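Asks: Next up is a structure, given as structure tokens.
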Amino acid sequence: MRFAKSESTTSRRTALSYLGAGGGALAASALLTACTGVQEGQNGGGGAGTFPDTPDWRFVFVNHVTTNSFFVPTRTGMADAAALLGLPEPQWTGSENGNVAQMASAMETALNSKVDGIAVALTDNNAFVEPTKRALAAGIPVIAYNANAAGNHALAYVGQDLYLSGFLMGQRIATKVTSGEILVGISQPGGNNVQPRLDGITDALKQAAPGVTVRSVNTGAEQAGELNAMTAAHTGNPGVQGIYAVDAGSTAACAKLITDRGLQGKVSGGGFDLLDDTIQGVSSGALDFTIDQSPYLQGFLSVLYLYLYRLSGTLVAPPVTDTGLTFVTKENAGPYATAGSKFEGGPNNALVPMPPSIPLPPPSTLTR
């Protein structure tokens, strides 16, 4: 199979190998062991684990929707990594509603403040190119997280392969819907954080279910308005065969819309991420699935990689890390619904016990 397009700088083959092997998380686990593994009789020397003492390096995360509940676990992961390494909690800044100019301004402020590292969601192809160049020229490492941009100069990307996730979602939709129209909510059309997913869905359906027409719905970057947008779209198109979305807030809106209008069993539904309404929708059967992209790792690993890059004097270069794709369905939604774990945005900081058995993930339906 040949992919028509991709916004990711990671090749399709490389992305598939990440998914098959658990992604960069395997390498990250080794790095984490290095950070925390003080053996008996060793002296930590004042730093984290066996590392030397370091300055209080200041890292900044530039985000596109700073108050969106999707990023609660990202911020938790960011804070956890900093605490583990003995660093100040990184600053969380940017825009509340996807305003690229505000994000670029926040990055400029970080540069002028001479911070020690920047993680930025590259939702735009152009706005962050020059600031990234200037940061690197000033010795400030920059990592992209959650959204990537071709042609940017960030050292690495930490996040889901967005086009591939959309393509796999499109293939899954094709097993339920083979003709007619579907609605697909998207919070920021054209944004690098969501547009590649919509592109992937469209491309997959062209191959697997060419009789399906995708009607995209601009739901806006603010969570409060996403349900209204999806509801209005369904009112205007009551005969659709499916109601889907490519972002967290719009997916939660799909679940609520299907539930409130009694559409369960009449239309198919699905989307991304793990907001409460979404998990309830999957558990009840209103949604066929949602996709987990491990937002906790996007914060945790970005801090870890910036730390190691500085600590090693650039010798430990951050790897491109696909944080993965897990289809959450009614069959495996139980832990998401009950654990309340901080790793998925819940309040529970306690150890989450391992289940007695671990289900095998289904093999990928993609051919290389």
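Asks: Convert 20 °C to kelvin, take the viscosity as 1.002 mPa s, use the Kirkwood radius over C-alpha pairs of segment 183-281 as Rh, and evaluate the Stokes-Einstein diffusion coefficient in µm²/s, rounded to a whole number.
Replies: For these conditions, the coefficient is 162 µm²/s.
Asks: Which of T231, T329, T175 moves most in a GNM of the chain, Cα contacts under 10 Å?
Replies: Answer for the Gaussian network model of the chain: T175.
Asks: At 1.4 Å probe size, with the rest of the protein present, what percent of the exposed accessible area of the chain is carbon and sulfur atoms?
Replies: 52
Asks: Take the Cβ-Cβ distance between T314 and T338 as r, set R0 to 45 Å, and report the resulting FRET efficiency rounded to the nearest 0.05.
Replies: 0.55
Asks: Next question. Kyte-Doolittle cut-off 0.5, length cut-off 15 Å along the helix's own axis using Cα: show which whole DSSP H helices in the chain pass.
Replies: Qualifying helices, which must be both long enough and hydrophobic enough, are 25-36, 72-85, 100-112, 162-174, 248-260, 295-311.
Asks: Grab the beta carbon distance between S284 and L351, set R0 = 41 Å, and tell me the FRET efficiency rounded to 0.05.
Replies: 0.90
Asks: Multiplying the sequence separation of N97 and E181 by 0.36 nm and subtracting their Cα-Cα distance, what value in nm do you get?
Replies: In short, 27.3 nm is gained.
Asks: Could you pull out which residues in segment 214-236 have an amide N less than 15 Å from a spot 7 Å beyond the Cα of R261, following the Cα-Cβ vector?
Replies: Inside the label zone: 215-219, 226-236.
Asks: A follow-up question, please. Gap in Å between the Cα centre of segment 81-111 and the Cα centre of segment 158-224?
Replies: If you average the Cα positions of each part, the centres end up 29 Å apart.
Asks: Expressed as a whole percent, how much of the Cα-Cα distance distribution for segment 241-286 exceeds 17 Å?
Replies: On the way: 156 of 1035 pairs.
Within segment 241-286, distances greater than 17 Å cover 15 percent of Cα pairs.
Asks: Please identify, among R172, R261, R134, the residue showing maximal mean-square fluctuation in a Gaussian network model of the chain using a 10 angstrom Cα cutoff.
Replies: Of R172, R261, R134, the most mobile in the Gaussian network model is R261.
Asks: What is the diffusion coefficient of the chain in µm²/s, taking the Kirkwood radius over Cα pairs and the Stokes-Einstein relation at 10 °C with a viscosity of 1.306 mPa s?
Replies: 75
Asks: Alpha carbon centre of segment 119-146 versus segment 263-278: separation in Å?
Replies: 34
The values are calculated or read from the model by the stated rules, or taken from the named source; none is laboratory data. All values reported here derive from a predicted model rather than from experimental measurement. FYI the Cβ positions are ideal-geometry reconstructions off the backbone, even for glycines, and counts take in every protein chain you see. Protein only, heavy atoms only, side chains kept; ligands, DNA and RNA dropped before computing areas. Shrake-Rupley method; radii C 1.70, N 1.55, O 1.52, S 1.80 Å.
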